[in-house]
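The values are calculated or read from the model by the stated rules, or taken from the named source; none is laboratory data. Note that the structure is predicted; figures quoted are calculated from it, not measured. Quick reminder, even Gly has a Cβ in these numbers, built from the backbone with ideal geometry, and neighbours come from all protein chains shown.
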Amino acid sequence: MIPIAPRSDTPGLLAALALCAMLAGCGTTRYRPVSDYPVKIGRPYSVRGTTYRPADLPAYDAVGMASWYGRESGNQTANGERFRVKGISAAHTVLPLPSYVEVTALDTGRTILLRINDRGPFTPSRLIDLSRGAARLLGIERLGRAAVRVRRVEPDAKDRARLRAGKPASARPDTSPDELAALRARLTDQSFQAQ
């Protein structure tokens, strides 16, 4: 057997391969698998001078303004998942990640179930930021902003699985005209007290 002498460029070739492997890893983001566990509450955090205190709020029920966001498609959400613009998800400043809420449009009474997996909106004039898919399903995509009710719920396993897959949950009944009137009055009172 004839021994084969190493080529003189072997160290350079190995260095080049190592550099390629490092550079290939630089542009990738490791996303957390979409799962309901572990639930993350998190420590207080500050954005633009406002401090937010995440908390487990099982009876959360609030009215305010919703908007939607969509240019961030593919970015990492606050709980580490990949943001899916067509998914049925949302961002909230303090609810656990993930958690589930029913969102009702106060102009139409249309109600949808969605999954909170991100933080935001970081402006006092908005209560929740919806993915484009959630805004479309709720009927507010063209409006950009709408008055809503956000109520935390514990949906069944089938609806959770559909939302984790980025699909709509089962249809929710529309809110009655009487309840919508009460929610609009609550929003008006809240706006008046804030002035």
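State yes or no: is residue 159 over 26 Å from residue 40 (Cβ atoms), in a helix (DSSP H, G or I) and modelled with pLDDT of 95 or more? In short, no. When the criteria are applied in full, residue 145 fails the requirement of being over 22 Å from residue 189 (Cβ atoms) and either of a type in the set (Asp, Glu) or surrounded by fewer than 23 Cβ atoms within 10 Å (Cβ to Cβ) (or both). Under the condition of being of a type in the set (Phe, Trp, Tyr) and in contact with a helix residue (DSSP H, G or I) (Cβ under 9 Å, 6 or more places away or on another chain), which residue from region 51-104 is nearest to residue 162 (Cα to Cα)? Restricting to residues being of a type in the set (Phe, Trp, Tyr) and in contact with a helix residue (DSSP H, G or I) (Cβ under 9 Å, 6 or more places away or on another chain), the top hit is 100. In a residue-by-residue description of region 162-185, the property of being within 19 Å of residue 59 (Cα to Cα), under 14 Å from the mean Cα position of the chain (by Cα) and of a type outside the set (D, E, K, R) applies to no position.
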